[in-house]
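Working notes, structure below.
The values are calculated or read from the model by the stated rules, or taken from the named source; none is laboratory data. All figures in this text were calculated on a predicted structure; none of them were measured in a lab. Cβ sites come from the backbone with ideal geometry, for glycine too, and all protein chains shown count toward neighbours.
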Amino acid sequence: MNDHCSNWRDLESRAQVVHLVRLIATSGDWLIIQSRNLDHSPSGRYAQVMNTGSGYLVEVAYSDGAATYNWRIGLGAEADAAGNKPHATVAPIQRLKFAAVTEVLDSWLRGHGMPLGYGGALHVYG
């Protein structure tokens, strides 16, 4: 959270995800949740969330060792074309409300992908 590393803890419930998102209450606060040992493993998943002051930016990603596939999440099919360039402005459709953030994170972290009704603009690194 906000560039402060914490000890590894397994997420065991949706309530823990909700608690983590509540901790990023100020504009510019952010967090990353990732697969254990992703920094030393060729594959894994991560999600990052930032409080924009007018909603939350959510990005989910999968790394397979050769490339990292990063999706910037938004509501509806239009989110697929909303853009996803590093350090680029967040499109209004990509500013999610708190409930949407927890819904997306819960689905992604359980390995189900994005829930119905959401889209994602893809950016590939590597």
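Please list, ordered by first then second residue, the pairs with beta carbon atoms under 6 Å, 6 or more apart or interchain, first in segment 42-58 and among the hydroxyl-bearing types (Ser, Thr, Tyr), second part of a loop (DSSP other than H, G, I, E, B).
43/64; 43/65; 52/90; 52/95; 54/95
Among the numbered criteria (1) out of contact with any strand residue (DSSP E or B) (no Cβ under 6 Å at 6 or more places or on another chain); (2) modelled with pLDDT under 95, which one does residue 61 miss?
Only one criterion is unmet by residue 61, namely (1).
Considering only segment 44-58, state which residues are polar (S, T, N, Q) and in contact with a strand residue (DSSP E or B) (Cβ under 6 Å, 6 or more places away or on another chain).
48
Select from segment 30-51 the residues that are at pLDDT 95 or above and more than 19 Å from residue 115 (Cα to Cα) and list them in ascending order.
50, 51, listed by residue number.
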